[in-house]
1. Applying the Karplus parametrisation 6.51 cos²θ - 1.76 cosθ + 1.60 with θ = phi - 60° to the phi angles of segment 103-112, what ³J(HN,Hα) value in whole Hz is obtained for each residue in order, glycine and proline being reported as x?
2. Please list Lys155, Lys177 from largest to smallest accessible area, probe radius 1.4 Å, with all protein chains kept in place.
3. Net charge around Thr93, counting only other residues with Cβ within less than 15 Å of its Cβ (Lys, Arg = +1; Asp, Glu = -1)?
4. From the phi angles alone, apply the Karplus equation (6.51, -1.76, 1.60; θ = phi - 60°) to segment 159-170 and give each ³J(HN,Hα) in whole Hz, x where the residue is Gly or Pro.
5. Accessible area of the chain with a 1.4 Å probe: how many percent of it is carbon plus sulfur?
6. For Cys193, what accessible surface area do you get with a 1.4 Å probe? Give it in Å², rounded to 10.
7. Quick one: order Ile143, Ile222, Ile160 from most to least accessible surface, probe 1.4 Å.
8. So how exposed is Val46, as accessible area in Å² (1.4 Å probe, rounded to 10)?
Amino acid sequence: MSLKQTLAAALTGAAAFVCPALAQDLWLASPVDCALGRDCFIQQYVDHDDSRRASDYRCASLSYDGHTGTDFALPTLRDMRAGVNVLASAAGTVRGVRDGMPDQLYSNANAEQVTGRECGNGVAITHPGGWETQYCHLRSGSIAVRSGDRVAAGKVLGQIGLSGRTQFPHVHLTVRKNGAVVDPFDPDGRITCGAPSAETLWISAPAYQAGGLLDVGFADRIPDYSAVKAGRASASDLPATAPALVVFGYAFGGRRGDQMRLTIVGPDGAPFTDHTEDITRNQAQFFRATGRERRAQAWPAGIYRARVQMIRNGVVLSEQSTRVRVRP
């Protein structure tokens with residue numbers, strides 16, 4: 001989430017993005033103990049557009065106005081509750097920590113208590129050569145280091161959480177050089193659309209994922225979005241008297257013109273439903289659902305299978321399958 005105001009507290013440094021000339025004296029490892037592209041994903045990157053619009057280092061839309069870091073996110077709150085460690089990306093000295101802020105979705109109701117502490121629970125680490133890394137939105141009670149600690153790369157700092165100004169579980173990593181924000185994917189800041197820089201701060205640069213599915217599942221009705229985000233909307237089995245059989249897809253990085261195709265096949269192998277939803281505007285996260293209401297006495301028992309596809313320019317960008325057992 002945006003840190004335009006976040007950096008005003010103890011974990012704060014200058015937040016304005018600049019394009020400094022950099023010597024390669026910092027190398028970064030992944031700040032998350034999860035498999036990117038499978039168990040977690042990068043939701044947003046540093047904003048390189050000086051206007052009120054936003055553009056990531058590939059001149060695409062995985063950012064928003066003024067975003068100063070890289071968001072390593074979990075698919076659902078269920079994954080956050082399971083516990084995923086945040087790791088120091090490089091060796092250094094802990095400059096400051098904050099803990100004790102609650103894990104909660106940011107809203108108007110709690111905006112006042114978050115003001116000035118938008119980073120939530122976090123850790124700031126200084127590194128040689130004027131470098132600093134900052135890790136925001138950690139899980140309450142999970143901070144595992146103290147100010148003044150010397151840490152090695154890979155040291156557990158805490159866990160991914162939902163503290164501060166955020167709508168989804170993630171760790172926001174900001175990198176600075178002499179107080180100025182640096183994009184680790186394009187540290188010189190000279191953006192050439194269609195030809196991203198091969199020079200990064202990463203030991204092994206994470207692959208760019210332009211959007212994709214986070215979760216799919218069956219339900220007995222169109223689920224509430226809050227249940228989808230929490231990871232509790234999906235059922236593994238349903239009664240034959242369920243009021244409906246519905247499949248949903250939950251995705252990130254939607255662009256205007258994208259499509260989500262949702263198909264269900266019945267126990268006999270015959271098509272049950274096949275529906276394509278058009279995405280009419282850019283959306284950081286979204287879900288779509290389709291299905292059928294029960295009109296007969298009961299659904300035929302057996303295994304129903306579903307496939308959900310996120311499609312961009314006629315090409316399948318991401319695909320997941322799921323199944324549900326309908327019991328007699």
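The values are calculated or read from the model by the stated rules, or taken from the named source; none is laboratory data. This is a predicted model, so every value here is computed, not measured. As a convention, Cβ positions derive from the backbone with ideal geometry for all residues, glycine included, and neighbour counts pool all protein chains shown. The area values use the complete protein model at the heavy-atom level, side chains included, leaving out ligands, DNA and RNA. Shrake-Rupley method; radii C 1.70, N 1.55, O 1.52, S 1.80 Å.
1. Values per residue, Gly and Pro as x: 7, 7, 5, 5, 8, 4, 5, 10, 4, 5 Hz.
2. Lys155, Lys177
3. +3
4. Once rounded to whole Hz, the list reads 10, 4, x, 9, 8, x, 8, 7, 10, 8, x, 6.
5. 47 percent
6. The accessible area of Cys193 comes to roughly 90 Å².
7. Per-residue accessible area, sorted high to low, gives Ile222, Ile143, Ile160.
8. Probe radius 1.4 Å; accessible area of Val46 about 0 Å².
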